[in-house]
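Step one of this worksheet: look at the structure below.
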Amino acid sequence: MHIHVVGIGGTFMGGLARLAQEAGHRVTGCDGELYPPMSEQLAAAGIDVVRGYGADQLGLRPDAWVVGNVATRGMPLVEALLDAGTPIVSGPQWIAEHVLRGRRVIAVAGTHGKTTTASMVAWILDRAGLAPGFLIGGVPTAFGTGARLGAAGRSAGDWFVIEADEYDTAFFDKRSKFVHYFPTIAILNNLEFDHADIFPDLASIETQFHHLVRCVPGSGRLVVNRGDAALARVLARGCWTPVVGFDAPDAWHANAISEHEIHAFDVCRGDARVGRAELPLAGAHNRSNAIAAIAAAGEAGVAPAAAIAALADFPGVRRRLELRGEAGGVRVYDDFAHHPTAIAATVQGLRARIGEARILAVVEPRSNTMRMGVLAPRLAPSLRGADLVFCLAPAAGTSGAGAPSWNALEALAPLGDAVTVCTAIDSLVAAIARAARPGDHVLVMSNGAFGGIHERLLAALRAGRDGRDVHGRRESGPAPQALQASR
């Protein structure tokens with residue numbers, strides 16, 4: 001078949017494209033701006049991508065149109081498809097029908113930690129010789145790709161690990177993606193308010209999670225964070241599947257014993273110590289992710305000792321505290337954190353790794369929820385673990401449909417003179433380069449490409465530029481606004 005993927009640049013739809021290609025289909029797609037890692041993944045796969053959503057793409061005449069949730073009414077291509085009566089299918093439905101059917105599925109859900117936990121589960125199963133398929137919203141370093149069918153293709157009973165996103169499915173299907181997956185094992189990592197552009201409140205997200213609970217068979221397992229009040233409310237609505245708990249003293253949990261470069265902790269189940277893990281990832285949130293992965297892998301038949309041994313050399317995931325380079329004695333990291341809870345956990349994780357060295361946190365409030373200002377009051381508290389904070393202010397008029405703009409300077413004012421807010425990327429790079437000194441760690445956090453800030457900053461640090469762009473010109477953008485910004 002020839003499959004055309006509308007919105008191919010997203011991590012989910014790009015992964016779908018790779019799976020379809022691996023299954024032998026011819027794959028093309030379209031999207032707006034592409035950025036790493038998916039731009040690199042698609043290019044490496046040789047998948048042709050059309051820029052934009054023009055109606056002329058109907059001339060491609062594919063056998064199947066697979067539509068991502070980036071597609072909206074009013075897009076010329078969408079309107080042309082509907083006017084022509086062309087059959088369309090959502091990405092999650094296509095995955096369910098063409099990849100997951102007949103497989104044993106492990107779905108990893110939660111507001112935070114889905115990508116890392118799903119990657120850990122896939123890694124453990126792979127090291128156990130089970131050769132799972134997977135579709136993960138990121139690129140696990142060990143595999144070099146976020147999607148694969150698995151060594152046996154699509155044999156009945158093979159395991160498939162999927163990152164189970166609660167975001168909506170498509171413009172014609174407003175249910176969460178994960179209700180399509182009907183997993184054998186579901187991990188519920190945590191749950192708090194996010195995606196304010198589609199959910200009015202936390203209760204509405206809890207409803208979607210309960211839909212997922214309804215999809216897990218009685219012969220399956222729910223691996224649930226017992227310390228999460230929202231998840232407790234979800235289960236209280238009804239549960240028909242045995243629950244394996246974690247992050248509670250009488251369930252699977254971690255007892256931290258070290259906060260050094262290799263983060264050691266005891267893996268416990270109730271009062272019983274199961275083993276000692278050494279995880280090359282920092283932070284309490286990653287210990288929690290690891291415990292969930294060990295528990296889920298156990299339900300898939302992997303002994304805890306084998307899972308613990310596998311995690312000792314788990315190589316991580318791209319864009320999760322990924323070191324992008326070092327220049328002038330300054331290390332620059334990239335992280336996908338964009339929700340205040342994730343930002344706080346990432347800063348804490350880096351702090352655990354580096355000790356007393358300075359952290360320069362750089363944030364782009366890019367997600368729809370952050371741009372709408374719904375979580376703005378939580379931004380400053382999430383950054384208190386950093387020494388200096390740099391923020392690219394949300395552009396005027398991009399704060400979400402019908403939502404008022406919010407002022408980043410005001411939101412970050414509780415941090416006092418540690419804050420610099422810029423309205424242009426050149427100004428931001430220049431301000432960071434001026435403030436950085438040897439031994440510093442620059443932690444860049446965004447769920448987008450952030451204008452290629454990592455390479456631009458490394459170039460500025462190498463050249464020792466002060467207020468110049470990467471071509472050596474004086475910057476012409478607006479000067480940075482600062483709250484008595486520390487230099």
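Descriptive notes on the structure:
- Residue match in region 437-447 (condition: modelled with pLDDT of 85 or more, aliphatic (A, V, I, L, M) and surrounded by fewer than 22 Cβ atoms within 10 Å (Cβ to Cβ)): no
- Filtered residues of region 181-197 (kept if within 18 Å of the chain's Cα centre (by Cα) and of a type in the set (A, V, I, L, M)): Ala186, Ile187, Leu188, Leu191, Ala196
- Test: Val363 is modelled with pLDDT of 85 or more, over 19 Å from Ala122 (Cβ atoms) and touching a Cys at 6+ places or on another chain (Cβ under 9 Å): yes
- Number of positions in region 18-57 that are free of Cβ contacts under 8 Å to residues at least 60 places away in the same chain, of a type outside the set (S, T, N, Q) and closer than 16 Å to Met1 by Cα: 7
- Some residue of region 355-364 being assigned to a helix (DSSP H, G or I) and not assigned by TED's automatic domain parsing to the domain that holds Asp228: no
- Taking region 166-277 and the strands (runs of 3 or more DSSP E) fully enclosed by it, the elements with 3 or more residues that are of a type outside the set (Asp, Glu) are at 173-176, 185-188, 221-225, 243-246, 252-256, 263-269.
- Applying the condition of being small (Gly, Ala, Ser) and closer than 15 Å to Ala342 by Cβ to region 381-394 and asking which residue is nearest to the chain's Cα centre (by Cα) yields Ser382.
- Residue in region 448-467 that is within 24 Å of His339 (Cα to Cα), modelled with pLDDT under 85 and in contact with a His (Cβ under 9 Å, 6 or more places away or on another chain) present: yes
- Filtered residue count, region 302-321, keeping only those that are among the charged types (D, E, K, R) and surrounded by fewer than 18 Cβ atoms within 10 Å (Cβ to Cβ): 1
- Scanning region 279-294 for residues that are in contact with a Leu (Cβ under 7 Å, 6 or more places away or on another chain) and assigned to a loop (DSSP other than H, G, I, E, B) yields one hit, Ala282.
- Hey, Ala297 surrounded by 24 or more Cβ atoms within 10 Å (Cβ to Cβ) and either in contact with a Pro (Cβ under 9 Å, 6 or more places away or on another chain) or in a helix (DSSP H, G or I) (or both) or not: yes
- Test: residue in region 388-398 that is at pLDDT 85 or above, assigned to a helix (DSSP H, G or I) and either among the polar types (S, T, N, Q) or farther than 26 Å from Asp197 by Cβ (or both): no
The values are calculated or read from the model by the stated rules, or taken from the named source; none is laboratory data. Keep in mind that this is a model prediction, so the values were computed, not measured. Note: ideal-geometry Cβ built from the backbone for every residue, glycine included; neighbour counts use all protein chains shown.
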